[in-house]
Structures are given as C-alpha cells and as structure tokens.
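Inspection log for the structure reproduced underneath, given as structure tokens.
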Amino acid sequence: DGLVVSEKVKSNNIDVKIPKSELEAEEKGVEEESPRESDSNILDVSADYPRDKHISIQRHLADLEKLADLREDERKPCPLCPEEKFKACYSHKLHRHLQNLHWKVSVEFEGYRMCICHLSCRPVKPNLVGDQTLSKMGAHYHCIICSATIVRRTDMIGHINRHVNKGETESRFITVRAPKSSYEVVKESATDVQVLPNHSTPQKTDSYFNPKMKLNRQLIFCALAVLAGERKPIECLDAFGATGIMGLQWAKHLRSSVKVTINDCNENSVTMIKENCHLNKMKVKLNIKEEDNDEAVGNGEENSDTIEVTKMDANVVMHLRSFDFIHLDPFGTSVNYLDSAFRNVRNLGIVSLTSTDISSLYAKAQHVTQRHYGCNIVRTEYYKELAARTVIAAVTRAAARCNKGIEVLLAVALEHFVLVVVRVLRGPTPADDSARKVRYLIHCQWCEERVFQKEGNMVEENPYQQLPCDCHGSMPGKTAVLLGPLWSGALFNTGFLRRMLLEAVQYGLDEVQPLLKTLVCESECTTLKHFSTHGPGDENKQEECGVYIRTPNTSAESYLVHGKRKSEEALRGAAKRQRAELSTEHPPFYYNIHRHSIKGMNMPKLNKFLNYLSEAGYRVSRTHFDPMGVRTNAPLAQFKTVLMKYSIPTYVGAQAEGPVHLPAEIQVGEEVPAAAAIKVEEAELVEDDKCEVSAAMFTQPYPTRCAAD
C-alpha cells in the first residue's frame, strides 16, 4: 500500500516496520497528523505489537523468532543480544537460545511476555579506556508500562505490581485508572465505599482504607454527634479523605446537622471520593483548586445530602476557611498540620487527630520523637499513656501559639493509633492555663515510680526528693530520668464520654460501646460494676469547658448563648465552683500488675485485686491502655503491699489458702508511708541477696564479695 517501509536497525540488522507518514514527518521536521486512513492502518498494524513497547516484549515465542527472520540456510544473530555476546548461528541453535535464555525467564503481564534483554539499553559501570568511554552492558527487563529498565526478575515483578496497584495498566507515561471491575465495595456502618484490592497498603495505593481503624472512625463519629447536639448546623472537615468513608458516615447519619467537607490532595482520591458519594446517593459540590486555576464546578444546590469535595493541601484548606470540627488523619505524624488546624477553628469547636507514627510514640525510635514532638521519652510500663500525653503536649503548644487553650475530651492509645480529641477555648487566659499543664516527668528506672515535676522555675537542689521511692538513697549512681515535656492534666471528660456512649447506643455502634464504658470508668476511676449511665449527679449539672451540656432535664435558659461574653463568664464561674466541689479528676498513669508481681507467688485475679485496693480506701479502675493495668491513686509501695498480702506462695500448694499474713506493723487499710514499705522490701531483698550469695559460695570456686559485705 506504500504505507509501511522497512528500515534496518544499525546495531542488530533488525527489520522494524515504521509508518511512512512518520518518516516523512521526521524528514521535514514538521509535526503533522497523518490522514485518518493511515491512522486506521497504523492501529491495525500495531494492534498485536504497540509502537511504544520494546522489541523484548512479545505475546508468543513465534513473534520473537520472527524478529530474527529464521532461515535454515543463513546465520542470524539474536535480536536481544549484541554480537559480541552471542554470535550469529543457524536457526535450530538460535531457537534454543531464544527459548532457554530469553523466553523461560520472562515476566508475564496481560498476555505479554517481557523477555530479558542484553542490548545496549542500560549502561552499567562505565570505565575509561584511553580517551574513549566504554559501557559494559548488563541483562535487564523493559517495563511494558513505563520506560524503566529493571535488572532482577523479582524486582520486575514487584515493579509491575506497583503499577497495577496504582491503576497504571495501559500505556507508557500515561496514568490510567483501573477499570471499575477491579474495585471492591466495602460496607461499614451502612456506608458503601469503593476501594482498590490493595487498599490496606498506604505506600502503594491512593485509596487507603484500613478495616482495623473502624473503632477509630466510630469514636470520631460519636464525638461529632455530641457536638452536633450542642449546636446546629456545624461545619466539619475530613482533611485527609482517601476513600471518603469517614465524611460519608458523618453526612449519611447526621444529615442536616452537619455540613461535610472532604479534602484530599491526590487527584485519584478525589475522583474516588466523588464516585463513593454517588454510590451512597449523595450530591457532590466540587471545589477543586489546581495550579492551572480551573474554575470550581458545582453539582446541585447545597442541602442536607450534599458533600463538598476539595482538592488542595490540608494546610491550605484549613487556612482559607473556618470549621467547627476538624479531623486530621495523615499517614504518620500530624504535627505538621496543628498550626493550621488551630488557626481558624471556631471557639468551642473540636479538633481530633489520629497519629499512626507508633514507632516514635511508643519509644521505639526515640530520636524521631525528639525531632517531631520535641519530647524525650523512654520505654516504660505506661508507654501508651506516655504517647497520648506526648501528643497532647504538642497540641497544647500549637494551640497556645494561636492564643487558644484546650480541654482534653478523649485520649485513646491502642495498637495501631493514638487518638486525641480536644475542645478549643479561645483567649489568652485559657491558653496560659493549658500551657501551665505541660510539665516534665521524673521517672525512676529501678522501681518505675513516677511523679510530675512541681511548678515553678526555681532549680531544686535534690529533685530526687519529689519521688515517693527511696531508690536514689539505696542504689548507687543516678536512678531517675527526666521525661517530657508532657501533658499533666486529665485525659478524659466524663460528661462528654457519657454522651458519646448514648450516641453510640442510639446509632447502634456495638463495637465501640465496651471501649466507651471502660473510658467512663477510667475517667471516674471506678470499677465496672459501679458503672452508671447517669453518673453520680444529675445530668443537668454536667459542665464541660464552661459550657452547660444539653440534657433532657436542662431548661432552655441554661444553654450557652453564643456571642455574649457575660453569660459565658457566669457559666465559667459556676463551672469553677462545681469543679472545686466534685474534684474527681482521675489519677495520672497506671501500674501493670504483672510488672510488679512477686516471684514465687501466685497473684490474685485482677478484678479481686481491684476490690482489695478499693477496700483499702483507694480509688481504682482498669485502663484501656493496658488490659492488665490498674489506675489508682495508691503509691507504688502500698500497691505492692496489697499485692503481696493477697498473693499465694506457689510452693505451699493447697495449704496456703487465703492471704499471706504481713507483719503486725503493716496495716493495709491505712495509708502506709512509702519509706516504711520500702524498708520492709529492702529487708526482704537483703535476706534474698544473702541466700543467693551463700549459695554462690558453695558453687563457685572464687566467689565475688558482695557490696553489702
């Protein structure tokens, strides 16, 4: 037809068919479109072998042999090897070479085989020889999707899988979304979302969806539902939407009470959020800001079923607009977005943040903690609460820079995340009050006793005196370490948690209800059997951050009137009086019962031990941070005394029924001074040391002298 001519590649003498129109365009130096007839012919010719794919990518072995133009009476070189590596040979030998050295080690993808290539495509180890630069060529694979060359076969398989996970499956340099048939539909809390098959790997997908974070999403939903009951409507922001599951749940269940904005800086994620909105029968109001200044596209009027979708950086969207509720859930730490979050958040609004940088918060990478949070921490028995207080300290400093204070409503640290929910109080006075609660912690590395450093700027002569233990006097060297700065205030607001529990019951969130019950008991420092959904006082007396909470028994006159400073000051004054009367703030930190168990003794059951501590006159509760943790205001010495009294020796067996009898001078029901209890423990330790030393003298030919001797 005159449409196709043959041109030999100089290096390998390979006949490659190239359209004539393209050759003429290259000779003239003008980029022109070829006629439609030639376009159709070109598409037909390149249907089996697209023009942008390398010659090493073929569908069948016969196609690879056609490149060599095998003839029995002629010697032909290998099309994928240079002449210095594989010399020209006859057809039977070349067939075995192509089959064994190229085809069998190929990587398959959608019917194509990416064979190994030895041509001069990938320079390796350039060497200078005289004035010339020679390049030693290495074996490699050519990617069917992009222009990458990969050396190892396993790396090539992983490279192709990453393209598939990102939806890049068709042509070179063009990102094509995966077909809808490859999407999975996941349902959570009556909300459907489309996700990619690799939705649980955040590094390799644009639609990160973690089913293990369902508890986190339900906690945030309950917090938003409580805020929606205080004032309507509220503007809420999901700054990192991904699939949009969280914002869709807000809009689908709370309806007209909220105006939801879902943001993400990734274009594929924004497209997926839009599709998920349509999947849940929600209207979409687009507000996409791009570099080329595209105009905003609106789809329908704003109503209760409309979700606004934005495509911009999270810091930008929080600087441009004000919100009542902001949730931050980036990949890793969220400290980079705190300043923007507190800059425009409205007064008495809520900021919630989820931190997933567990390695740094749980003291596995302490240098990263110092770099991100400016905090020094070590691995302790209460490391999860230490992580929560570290995040809250960073939140407090960010809010104080914007002349705002905070009240912590909720702090949860579980296996995969640390969730902090705070209410924002505008003004320099709340900011100063919150900043004063950021202190350093003195932690004893011998007995795990801990205490917050006293307020004040004066340097103390002996800071070890603040610790209840006497390890510094009995142990050589330095025994304590200074941790922080940390949040020293309360981690929970009881009234807010109770209303979250009511919202969880109302919306049928069964998974989060046991955790909320544990948090309510932990905030009040009571056991579960004393738990009541109505609290010790009437609900109409509940107060949070100077705001009276709307309850069925509260009259309309008790609600906060926005914009009137006098009414707010009156409420704050009543709140201070009420706090002084109740004074039910939970004690900081907890003890692990296994960590302080006595060797050779069977300790009591955890619930029984809680009753023993409660009977001794201490406040006690379990904690969600540690399943075997005990939150109590008892000092560590008294904690160990009660534990020893009700532990049973293992070697006595059935004869030891009941508690162990302690010396007469130790009474559990009384407040035993820490020093006295420590002396008793020291006496026991000295006796054990003497026994061990005497036993060692019989077993070792040259015993070492004990320091006590």
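The values are calculated or read from the model by the stated rules, or taken from the named source; none is laboratory data. Predicted, not measured: the structure shown is a model, and the values here were computed from it. Using ideal geometry, Cβ is built from the backbone for each residue, glycine included, and neighbour counts are taken over all protein chains shown. The accessibility values were calculated without ligands, DNA or RNA, using every heavy atom of the protein model including side chains. Shrake-Rupley method; radii C 1.70, N 1.55, O 1.52, S 1.80 Å.
With the crude spin-label approximation of a point 7 Å out along Cα→Cβ, what separation in nm comes out for His594 versus Gln370?
With each label placed 7 Å out from Cα toward Cβ, I get 3.1 nm.
Sort 476-483, 341-348 by the packing proxy (mean of other Cβ within 10 Å over each peptide's residues), most packed first.
Numbers: 476-483: 13.8, 341-348: 20.1.
Highest to lowest by the protection proxy: 341-348, 476-483.
In Å², and per residue, what accessible area does the stretch 318-411 have when probed at 1.4 Å with the other protein chains present?
Values: 2880 Å² over 94 residues.
Accessible surface, normalised per residue, equals 31 Å².
What accessible area per residue comes out for the stretch 591-649, rounded to a whole number of Å², with a 1.4 Å probe? Intermediate values should be presented prior to the final figure.
Values: 2420 Å² over 59 residues.
That works out to 41 Å² for each residue.
With a 1.4 Å probe and all protein chains left in place, how much of the accessible area of the stretch 591-649 comes from carbon and sulfur atoms, in whole percent? It would help to have the intermediate numbers written out before the result.
Numbers: 1180 of 2420 Å².
That share works out to 49 percent.
What FRET efficiency do you get for Lys187 and Glu615 if R0 is 35 Å and r is their Cβ-Cβ distance, rounded to the nearest 0.05? Intermediate values should be presented prior to the final figure.
Values: r = 48 Å, r/R0 = 1.37.
Computed FRET efficiency for Lys187 and Glu615 comes out at 0.15.
Between Asn344 and Thr149, what is the spin-label point distance in nm, taking each point 7 Å from the Cα along the Cα→C-beta axis?
In this crude label model, Asn344 to Thr149 measures out at 4.9 nm.
May I ask you to derive the FRET efficiency for Asn607 and Arg96 from their Cβ-Cβ distance with R0 = 60 Å, giving the value to the nearest 0.05?
Working: r = 75 Å, r/R0 = 1.26.
E(calc), rounded to 0.05, equals 0.20.
Counting pairwise Cα distances across the stretch 591-649, what percent come out greater than 12 angstrom?
Details: 1061 of 1711 pairs.
Above the 12 Å cut-off, the stretch 591-649 has 62 percent of its Cα pairs.
Using the Karplus curve 6.51 cos²θ - 1.76 cosθ + 1.60 with θ = phi - 60°, work out ³J(HN,Hα) for each residue of the stretch 628-643 in order, rounded to whole Hz, and write x for Gly and Pro.
10, x, 10, 8, 8, 8, 6, x, 4, 4, 5, 4, 5, 5, 5, 5
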